[in-house]
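Heads up: the structure comes next, in structure tokens.
The values are calculated or read from the model by the stated rules, or taken from the named source; none is laboratory data. Bear in mind the structure is a predicted one, so any value in this text is a computation, not a measurement. Cβ sites come from the backbone with ideal geometry, for glycine too, and all protein chains shown count toward neighbours. Only protein heavy atoms, including side chains, enter the accessible area calculation; ligands, DNA and RNA are left aside. Shrake-Rupley method; radii C 1.70, N 1.55, O 1.52, S 1.80 Å.
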Amino acid sequence: MRLGVKVVPMVAAAALLTLIAALLFSKGVDTGIYPGIPNPGKGTEWSLPVFTVFAELLGVLVVGATLTSAFLLPGDGPSVSAPGWVLLRRASWLAWGLAITALVLVILTVSDILGVPLGSLGSHEIFSFAFSVAQGQALLIQAGLAIVVAILARAGVSRGLAAVTAIIAMIAILPPAFTGHAAGAGNHQIAVTSLALHVLAATLWIGGLAGLLVVRKTKWLAETAGRYSRLALVCFGMTAISGVANAAVRLGGWSPLWSSRYGALILLKVLALLVVGFFGALHRTRTLPALNAGQPKAFLRLAVGEIVVFGAAIGLAVALSRSPTPVPNDPVGPDPVLELLGFARPGPETVWRMIGDPLPDLFFLTIVVAGIWSYLAGVRRLRKAGHDWPMNRTVCWVLGMLILGGVTSLGVARYAYVLFSVHMVQHMILSMVVPVLLVIGAPVTLALRALKRPADEQVRGARDWLLMIMHSRIVRLLSHPLVALAIYVTSLYGIYFSNTLGTLMRYHLGHEAMLIHFVLAGYLLAWVLIGVDPGRRRIHPAMLSIVHFLAMAAHAFFGFVLLLSTTKIGVDWYTSVHPVWAPSLLSDQRLGAGLAWAFGEIPAAIVLLLLVRQWMRSDEREAARLDRAADRAEATGEEDELARYNAFLAAAAAHDRALKEQGFQ
């Protein structure tokens, strides 16, 4: 059970040797001293990439240990298994190491940026960088998340807690991806998102393999390796696609791939990807059958070679982050709008430009592709098993996903950055149209019917985790109509009637989080009102209609207040990016307010019709239930509930008549 006493040093050595060679080749480290130019010294120049490699390796090992413990290994009832417990303990120590390394990187990075040797740095410069500069904030967040993982990994042994720990560990590796080359590049919407997806996929891929090496001597190796193989195949595809997208932004064309040192490093990284992909193919065709036949040594030999190549790939990745890209920069007169937007300010809006001038968002495009493929695969599995699935649900789901991809990646997404009115249209579609279509698609019901349970009862598959989530207390709380309504209304007013909008628009991660929130808040409210998926509270449609009217009133009042307001929303942001051809900020804001006021009528009417339909069906089901009860009572000679109620009314009427006959009025 010892974690690679020999393997870990081999991986670290491969990463460091590759890093050093790549930095020397690409001139990513310049130790020369030039008069009048600040220089942090050789200590910072070399320590920064070395500690970055350590942080990458530690992050991979933390994710691998928690992922394997929570999702790949069988459990012991509600608790993780004994090997899973060992993995969590080791993950705790590794997470502490990641936290310390991230804090060291804060010091090294400020030394590198300011060009000041480590011995000359003061606490003021370090704290100012850590709390005020994006790179410092990212490293500080990473250190904080790593500490949370270290604590949670020792807080208990439940499988649910282990899953939460694994998810936080995955998040902890991402903050540095949102700074550096990617955040400062043109088209940073593609660069940042593709880098984050690349880092996440590669970490899951490498970390899962490291976790398998830990449990290589357990009886569950064959089953665990089979589950990992499916994960690795998905990660391979995501790593390749996101890597190509990120390289395209960094290189700016085909020729630098062959003519620049940066391009040469990318080719080496592609070679490493192909090598580990070949290893993965061998795993699926040879190693897994050998493991099932009781031959674990075949897996060990191949896995060690694969993870050493992964180590070299990590060294190349860090070297690329420190190497100058071939994309030309203008350090004397940079375009401030290009720096903010990541693309040139668009020309006057037309229908063609709103549709035909796309701004691809890889995160949402990934969600759309994965969502449509998974849904159609579930429908296909049901039909192969002889079960029907309503066509209208499939159409609504696919249409909702396509609209989600279009409104976040076509020209409307580009103009939403510079015009408040277009941003408001994007908001309304994401929060009112897309959620209704997705909720009608009933994805949870489809997943519960299509997903299969693992053969081993101690293994929690996707269906088991989904059931746990849908029956959890947090879902029970969120499915309360007043809670869902409060989230929807509070976010609507909170984002626009504060300084939040301008701040979120300024940062790519903040902008992504805002769009995701629009979809999730709208989905939650639509699911509570008209959803058919399990997990929501069963409330009479009459009460839900009242909640719906409250949401409509809050939305209409929001548009009315915004229409009459003379205060500019997100003024700092929109002043910086406002096109010269567009109307004034206040005029554009009032146009957006009018669109918001009028836009909700059609989706609200559709939801109301669905609620009325549910109400009618509820009455029909109640009438049918009473009819069945009456039929049973007639067949058995017993009084049913309706007969007893009618008898009660008849007795009450007879009592009233008797009182009247006796002279009582």
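Annotations
- Rounded to the nearest whole Hz, the Karplus-based 3J(HN,Hα) values (6.51 cos²θ - 1.76 cosθ + 1.60, θ = phi - 60°) of the range 343-348 follow the sequence 8, 5, 4, x, x, x, with x at glycine and proline.
- Value of D in µm² per second that Stokes-Einstein yields for the range 377-465, Kirkwood Rh from Cα pairs, at 10 °C (1.306 mPa s): 104
- Counted charge near Leu410, where neighbours are those whose Cβ lies closer than 12 Å (Asp, Glu -1; Lys, Arg +1): 0
- Surface composition of the range 73-150: carbon plus sulfur atoms hold 71% of the accessible area, using a 1.4 angstrom probe and ignoring ligands, DNA and RNA.
- Spin-label model, Leu282/Arg473: points 7 Å from Cα along the beta carbon direction are separated by 5.0 nm.
- Cα-based values for the range 84-175, radius of gyration first and Dmax second, are 15.3, 48 Å.
- Here the simple spin-label model places points 7 Å from the Cα toward Cβ, and for Thr566 and Lys384 these points are separated by 6.7 nm.
- Computed 3J(HN,Hα) for the range 100-105, one whole-Hz value per residue from the Karplus formula 6.51 cos²θ - 1.76 cosθ + 1.60 where θ = phi - 60°, is 5, 4, 4, 5, 5, 5, glycine and proline marked x.
- For the listed peptides 375-386, 570-581, a ranking on the average number of other beta carbons within 10 Å per residue, highest first, reads 570-581, 375-386.
- Rounded FRET efficiency, nearest 0.05, which uses the C-beta distance separating Met391 from Ser584 and R0 of 41 Å: 0.30
- Normalised by the number of residues in the chain, the mean separation of alpha-carbon contacts (under 8 Å, six or more apart) gives a relative contact order of 13 percent.
- Option label - percent of Cα pairs over 34 Å apart computed here, alternatives (i) 60; (ii) 42; (iii) 55: (iii)
- Over the chain, dividing the summed -39,500 (n - 2.57) contributions of all DSSP H runs of at least 4 residues by the number of residues returns a 222 nm mean residue ellipticity of -24500 deg cm²/dmol.
- Amide H contacts for Val29 (H built 1.01 Å from N in the peptide plane; partners 5 or more residues away or on another chain; cut-off under 5 Å): none found.
- Take the Cα of Ser259, step 7 Å toward its Cβ, do the same at Leu482, and the gap between the two points is 6.8 nm.
- Taking the average, over residues, of other Cβ atoms within 10 Å as the packing measure, peptides 487-496, 277-286 rank 487-496, 277-286 from highest down.
- In this structure the amide hydrogen of Gly75, modeled in the peptide plane, comes within under 5 Å of the amide hydrogens of Val459, Arg460, none closer than 5 places in sequence on its chain.
- Solvent-accessible surface (1.4 angstrom probe) belonging to Leu271, in square angstrom, nearest 10: 100
- Hull shadow area, averaged, the range 310-447 [alpha-carbon convex hull, nm²]: 13.1
- Solvent exposure of the range 525-580 as accessible area per residue, Å², 1.4 Å probe: 45
- Of the residues His480, His124, the one with the largest accessible area comes first in the ranking His124, His480, computed with a 1.4 Å probe on protein heavy atoms.
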